[in-house]
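Undergrad: Here's a structure for you.
Nothing in this text is a laboratory measurement; each read-out follows from the coordinates by a stated rule. Since we're looking at a predicted model, the values are computed, not measured. Glycine also receives a Cβ, built like all others from the backbone with ideal geometry; neighbour counts cover every protein chain displayed.
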């Protein structure tokens, strides 16, 4: 799977995703630093990437739009990288299963 990691998430998440066998990039490193949501949304469509985000706006856009990129919405407050990875790792298998089932919006709590 191919992921686009949104700005509120650390660039280190790209390495973690790559270590899980996925292709990923951070918005800061693909010319989207400071880009608005629609620009990131359109980039993800053209790149056929799943947006990994903490931004509720992407979830709301998915609910209003019949097509677009898949969104993985991480519902975790501010956290250190260590806490983020410790929180995400046990949930990752279920996230991959939901992605394989073609869910367009995956809300992770």
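Undergrad: Would you mind calculating the gained length between residue 98 and residue 57 on full extension (0.36 nm times residue separation, minus the Cα-Cα distance), in nm to one decimal?
TA: Gain in length upon complete extension: 12.7 nm.
Undergrad: Relative contact order of the chain: what whole-number percent is it, with Cα pairs under 8 angstrom and at least 6 residues apart?
TA: 24
Undergrad: Efficiency by 1/(1 + (r/R0)^6): what FRET value for residue 83 and residue 30, r their Cβ-Cβ distance, R0 = 35 Å, to the nearest 0.05?
TA: Efficiency computed from Cβ-Cβ geometry: 0.85.
Undergrad: Report the full-extension gain for the segment residue 75 to residue 91: residue separation times 0.36 nm, less the Cα-Cα distance, to one decimal in nm.
TA: Full extension of this stretch gives 4.6 nm more.
Undergrad: Considering the alpha-carbon set of the range 60-109 alone, what are its Rg and its Dmax in angstrom?
TA: Over the range 60-109's Cα set, Rg and Dmax evaluate to 12.2, 36 Å.
Undergrad: Further question on the same structure: How large is the helix-only mean residue ellipticity at 222 nm for the chain, computed as the sum of -39500 (n - 2.57) over DSSP H runs with n ≥ 4, divided by its residue count, in deg cm²/dmol to the nearest 500?
TA: -13500 deg cm²/dmol
Undergrad: Here are labelled values, (1) 23.9; (2) 6.2; (3) 17.5, and one is the computed mean projected area of the Cα convex hull in nm² for what I pasted. Which one?
TA: Derived directly from the coordinates: (2).
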